[in-house]
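Undergrad: This structure is in structure tokens; I'll ask about it shortly.
The values are calculated or read from the model by the stated rules, or taken from the named source; none is laboratory data. Nothing here was measured: the structure is a model prediction, and the numbers come from that model. Neighbour counts are summed over all protein chains in view; Cβ atoms, including those assigned to glycine, are modelled from backbone coordinates with ideal geometry. Only protein heavy atoms, including side chains, enter the accessible area calculation; ligands, DNA and RNA are left aside. Shrake-Rupley method; radii C 1.70, N 1.55, O 1.52, S 1.80 Å.
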Amino acid sequence: SILSLKVQDVSGSYIAQLLSGENIVQEKYFSEDSDVKFSFVNPGKYRLRLIHDVNENKRWDGGSYLDHLQPEPVLFLRMADGTYEVELRQNWENELVINIDHQFNMHDHEEDEELPEEEADDEDHDVD
């Protein structure tokens, strides 16, 4: 099976990891709009983890309290059906289009989306 990612609006360096459970099956690096392919993947359900590789060292850095460094941003890609899994079938090619900038901005505001609309509106205003 093949999983093809058409990544768009890329600014910076990223790592895309294809996961089975907690195991990394394959890992790809990209720093521009491109087609990223995970080839020769066994059929099954997988998750996609995206890491913003801020310092471009091709690995996730967890940050340092002593050096005042934040961990590099990580997110799991949510599919159109609301789940975090993509199913790959024998001899099939799946293609996903990913707007990187949108995914990371959406992830930053997920907490707001979970609140009822009235409560989310209250957070946007100063309290007297």
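Undergrad: Has region 27-50 got any residue that is hydrophobic (A, V, I, L, M, F, W, C) and in a loop (DSSP other than H, G, I, E, B)?
TA: yes
Undergrad: Still on this model: Which ones in region 58-109 are in contact (Cβ under 8 Å) with a residue 40 or more places away in the chain, assigned to a loop (DSSP other than H, G, I, E, B) and either within 22 Å of PHE30 (Cα to Cα) or hydrophobic (A, V, I, L, M, F, W, C) (or both)?
TA: LYS58, ARG59, TRP60, GLU85, TRP92
Undergrad: Given the structure, is TYR46 open to solvent by 90 Å² or more (accessible area, probe 1.4 Å) and modelled with pLDDT of 90 or more?
TA: No, not satisfied.
Undergrad: Taking LEU19 as the residue in question, decide whether it is of a type outside the set (Asp, Glu), assigned to a strand (DSSP E or B) and modelled with pLDDT under 95.
TA: Answer is no for this residue.
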